[in-house]
Amino acid sequence: MSSNAILRCDALTIAYGSNIALENVTIHVRRGEFVGIVGPSGSGKTSLLRALTGAVRAARGSVERSREVRIGYVPQVESVDWNFPITVGEVLAMTRTRRRWPTITDEERNEAAEVLASLGLGGLENRHIRELSGGQQQRVFVARAMFAKPDVLLLDEPTSGVDVRTRHEILHLLHDLHARGSTILLTTHDLNGLASHLPRLICINREVVADGSPRETLIPEVLERTYGAPLHVLEHGGMPIVLDHDYELSESLRDAERALRRSRQANP
Amino acid sequence: MLALDLLAPYDFAFFQRGMIAATLAGALCGILGVFVVLRGMSYIGHGLSHAVFGGAAASAVMSINFFVGAGVWGIVSGVLIGRIARRKVLGADAAIGIVTTASFAGGIALLNRYGQARKSIEAVLFGSVLGVSGVDIAAITAVTLLVLGVVLVAYRSLLYATFDPQVAVVSGERVAFIEVMLMVMLSVTILVTMRVIGTLLISALLVIPAATARMITNSFGRMLLLSPVLGAMSCLAGMNLSYHLDTSAGATIILVSAAAFTATYLLAGRRARVRVASLHHI
């Protein structure tokens, strides 16, 4: 697993002063993988992403990536200043450093138009970022990351603060990018809407609690260790559905949950 | 006849020199004003002009060359203020207020104690655009060309670090260096323009043209073109008006600039007002 890892951290510990954000975390991400990181607020998800980008130093352990590996980072849309005077075209153009002049080359302009068109944003180059829909706004920042031709795409909470329709759009977009060969690593709080649809999930709470498919990781035992509270899991159409601990389970749902547990024990 | 009256001040060499210096100063402040306004540094610009006053006073009292004394003082203050604002220790506003007002008060105390060069210090405070020398024009021209060159060459890095500093770091931009570079350019700009419009009015020229440009456009590139044009035109109009109205050149320039802002605010509609309302710390 580790031999062809594009990103890897081994026994990584990150501390901010005396506060330990992550402890002894080992994660390897291979080229072409689509990985989600879930955990409660303050569990170290964003610290892990920032460590992988090199923005945060390891207190102990190591973060490794080949020099030629380029990272495209997509921030939380909530952290973006939507009132900043900037058009969609300008957002993309700021990333390239091949030419430092304010104007971009014809080649770059064509490439930017191709990236925008591939993400369903064709013809929006001159629009201000605030004038876009929620899904389009998120896609602009994916487009900026893609325009830099990254080997790995890191997304911090891509569905945070967006409506259901936008969440679907983003999920489809990410699956499309993955199908086209992109390596994707994202953090999310959205267990049902996003995490359960990913091929690989890593549950963290300052340390790695579990690492595997959603069927292996979205189980009550792992979720309780990750979130520190009991969570119920049902299955619908082969997909795990996580229910909040204070959800009032009807007897039929309890039966369904017991049946799912028995079925998993019988067919691990 | 009216045209001749309007052109009358241009018969005087001191007015021609003042016009060149003021127009260049307006364009220079207009360029940097875009970054000052968009980065929420208006208070830093205001404070820095006061801090540089301390250096100007010290250099006058100690008979050190104005540009050397105030320049070193200004750059050190600018870098210090930038570090304080970046690290968010102490409460940036409070820390900037302490550093800059202490520097300003130090300048006043030096003047009171030694009582030298009073005329020169008044010029620094309120500006004396009609008394600018060839050296002043050369200094403003050099700094304008330098700032223009840096903004053109480092345009994308400056934009990235201003719009999205956290991601810019991840993308390999040297954000900390860019911030120091901006503070140094701001300090040097204040240094060379203070004798034209005075430290008390510099912050207005750093803020008003950029804020007016923000109302007119939604594009960073266009704002960077518009702001220096508005700054230069305000200075051009303000200088001419000040001659005919017999008012202070610095004050008239700022009043013209404020009038342009008000007219744009009233004429540009609700969307433009929302844009300017969203600017930080204005």
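Read-outs: derived from the displayed coordinates by stated rules, not from any lab. Predicted, not measured: the structure shown is a model, and the values here were computed from it. Here the Cβ positions follow ideal geometry from the backbone for every residue, glycine too, while neighbour counts run over all protein chains shown.
Candidates B:L158, B:S133, B:F53 compared by Cα position along the dipole of segment B:17-277: farthest toward the positive end lies B:L158, with charges placed on Cβ.
Taking the square roots of 5 times each eigenvalue of the Cα gyration tensor of chain A, largest first, gives ellipsoid semi-axes of 34, 23, 17 Å.
Loop sites by DSSP among the chymotrypsin sites (Phe, Trp or Tyr not before Pro) of chain A, restricted to those with at most 15 other Cβ atoms within 10 angstrom, leave A:83-246 as the longest stretch without any of them. In this simple spin-label approximation, A:E107 and B:S133 carry label points 7 Å from Cα along the Cα→Cβ vector, and these lie 5.2 nm apart. Measure nothing fancy, just the Cα-based angle from helix A:106-118's long axis to the longest principal axis of chain A, in degrees from 0 to 90, nearest 10. Tilt relative to chain A: about 30 degrees.
Remark: the A:R127-A:R165 segment gains 11.5 nm on full extension, using 0.36 nm per residue and subtracting the alpha carbon distance.
Scaling against 2.2 N^0.38 Å puts the C-alpha radius of gyration of the protein assembly as shown at 1.19. Net charge of the neighbourhood of A:P158, taken over other residues with C-beta under 13 Å away and scored Lys/Arg +1, Asp/Glu -1, is -2.
Against the main long axis of the alpha-carbon atoms of chain A, helix A:134-147 sits at an angle near 70°. For peptide A:70-81, the mean count of partner chain Cβ atoms within 10 Å of a residue's Cβ comes to 3. Adding -39500 (n - 2.57) for every DSSP H run of four residues or longer, then dividing by how many residues the protein assembly as shown holds, sets the calculated 222 nm ellipticity at -19000 deg cm²/dmol. When only the Cβ of Lys, Arg, Asp and Glu is charged (+1, +1, -1, -1), the dipole of the protein assembly as shown relative to its Cα centre reaches about 940 debye. Between 0 and 90 degrees, the angle of helix A:251-266 with respect to the longest Cα principal axis of chain A falls at about 90 degrees.
Normalised by the number of residues in chain A, the mean separation of alpha-carbon contacts (under 8 Å, six or more apart) gives a relative contact order of 21 percent.
Extent along the principal axes, Cα only, for segment A:42-193: 45, 37, 32 Å, with the longest axis given first.
The gain in end-to-end length when the A:E114 to A:N24 segment is fully stretched comes to 28.2 nm, 0.36 nm per residue minus the alpha carbon separation.
Using Cβ point charges alone (K and R +1, D and E -1), the dipole size of segment B:17-277 about the Cα centre works out to roughly 460 debye. Within chain B, the whole DSSP H helices whose Cα atoms reach 18 Å or more along their own axis and whose mean Kyte-Doolittle score is at least 1.6 are B:13-38, B:134-153, B:175-197, B:199-216, B:249-267. Taking one quarter of the surface of the convex hull spanned by the alpha-carbon atoms of segment B:17-277 gives a direction-averaged projected area of 13.7 nm².
Would you mind calculating the relative contact order of chain B from Cα pairs under 8 angstrom and at least 6 residues apart, reporting the percent as a whole number? Here the relative contact order equals 32 percent. In nm, to one decimal, how far is the B:A8 label point from the B:L225 one, both placed 7 Å along Cα→Cβ? Each label point is offset 7 Å from its Cα along the Cβ direction, giving 3.9 nm.
What the Cβ-Cβ distance of A:A179 and A:A229 gives, at R0 = 25 Å and to the nearest 0.05, is a FRET efficiency of 0.10. Going by Cα centres, segment A:113-151 and segment A:27-67 are how many Å apart? Centre-to-centre (Cα) distance: 25 Å. Placing dummy labels 7 Å off each Cα toward the beta-carbon, the span from A:R60 to B:N65 is 5.6 nm.
Loop-located trypsin sites (Lys or Arg not before Pro) in segment A:150-218 (DSSP state not H, G, I, E or B) with no more than 13 neighbouring Cβ atoms inside 10 Å: A:R180. Note on segment B:17-277: dipole from Cβ charges, positive end direction compared against B:V196, B:A213, B:M62; the farthest Cα belongs to B:A213.
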